[in-house]
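The values are calculated or read from the model by the stated rules, or taken from the named source; none is laboratory data. What you are looking at is a predicted structure, and each value in this text was computed from that prediction instead of being measured. Note that we place each Cβ from the backbone using ideal geometry, even for glycine, and neighbour counts take in every protein chain shown. What goes into the accessible areas is simple: the full protein's heavy atoms, side chains included, and nothing from ligands, DNA or RNA. Shrake-Rupley method; radii C 1.70, N 1.55, O 1.52, S 1.80 Å.
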Amino acid sequence: MTPTTFSALPGWDRDDVREALPSFLNSCIVLIRRPDWSQACAAARALNPNDGAAVRAFFENNFVPNLIRAEDGSDTGLITGYYEPLLRGARTRGGEFQTPLYKVPDDLLTVDLASVYPSLKGMRLRGRVVGKKVIPYSTRAEIDRAEVNGKELLWVDSAVDAFFLEVQGSGRVALADTGETVRVAFADQNGHPYKAIGRWLVEQGELTVEQATMQGIKGWIEANPARRQELFNANPSYIFFKEERLPDPRVGPKGAMGVPLTPARSVAIDPKFIPLGAPIYLSTTEAASEVPMQRLMMAQDTGGAIRGAVRADFFYGFGNEAGDKAGRMKQRGQVWVLMPKPAAR
């Protein structure tokens, strides 16, 4: 982190920072319990959310922006996008609903490595017990070949949509048999590293880098249905879900912080480099465009593909329009993290 000033942030004066305040207040649900954040969070709660000048002054008076650089010194990295999709499904298998979304299996073992080695804080080992040994948990290929009877959460009508639901981390399912729409949220993961299937298609010479968007990948699958499972198996990571009620469709899914995500104001980051919950300033361009996109965001989520210091995944919200933008978002950008100023003595 290299400390700088707000005047050095491109487009800072043009961003309507009032739109970021509700997202910051969501972060404060968790951060206010931490001594270095409590003063800023208390001050934020007292703000008039409609007073743009006061909100801007709050961030400028309480935080120091820090430019993030990678280990090689680069201050530019990859900015992608994600969203909350809507799938069609049912509670019972039948007809077109043949693809399961799974609950967390009973035999999935999670070991918090920090309990043994404090230096490994935040790292977990996942596996299963066979005899007296812990072995790696099943890969995607092994899970998809098996019948995990009794652990199906819901059934959906598209294996492709189910796969991309895992990539997004959460979504909604409209249930044809009960008339409900429910949210399915990330519950756990099988412990295998995430591998981007778009990158695999590029390595196989099937798509160019420019074509390897979500839309391009779906088009390739439609043209090569017999190779669909081969493609999916290139990513050994597998996500298990839990069902959540959807009392207010306007409220976003919960991210890794456990607070609701705000469309266009929440972002997923690598918590090894950026504190979860912190405000960040993002300078990039709109999806598949050269139009600048510079705004204050909140680092409220993580993801298996979000690795590295200068790396962010922009949350677009719910629905088809959000999905279209998220699927085409593969831009370069800079990231600043806003850290609280030390409390005055």
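Details
- Restricting Asp177, Asp144 to residues that are under 23 Å from Phe240 (Cβ atoms), open to solvent by 50 Å² or more (accessible area, probe 1.4 Å) and in a helix (DSSP H, G or I) narrows the list to Asp144.
- Among the residues of region 147-174, those that are open to solvent by less than 50 Å² (accessible area, probe 1.4 Å) and assigned to a loop (DSSP other than H, G, I, E, B) comprise Val148, Lys151, Ser158, Gly169.
- Residues within region 93-148 that are of a type in the set (A, V, I, L, M, F, W, C), modelled with pLDDT under 80 and within 24 Å of Ala185 (Cα to Cα), tallied: 3
- In summary, strands (runs of 3 or more DSSP E) completely within region 1-109 and bearing 2 or more residues that are more than 22 Å from Gln168 (Cβ to Cβ) and in contact (Cβ under 8 Å) with a residue 24 or more places away in the chain occur at 63-67.
Yes/no per residue for (1) open to solvent by less than 60 Å² (accessible area, probe 1.4 Å); (2) aliphatic (A, V, I, L, M):
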{"site": "Gly52", "(1), (2)": "yes, no"}
{"site": "Leu67", "(1), (2)": "yes, yes"}
{"site": "Thr76", "(1), (2)": "yes, no"}
{"site": "Tyr83", "(1), (2)": "yes, no"}
{"site": "Arg93", "(1), (2)": "no, no"}
{"site": "Phe97", "(1), (2)": "yes, no"}
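- Selection count where residues are in contact with a helix residue (DSSP H, G or I) (Cβ under 9 Å, 6 or more places away or on another chain) and under 13 Å from Ile217 (Cβ atoms), scope region 150-170: 4
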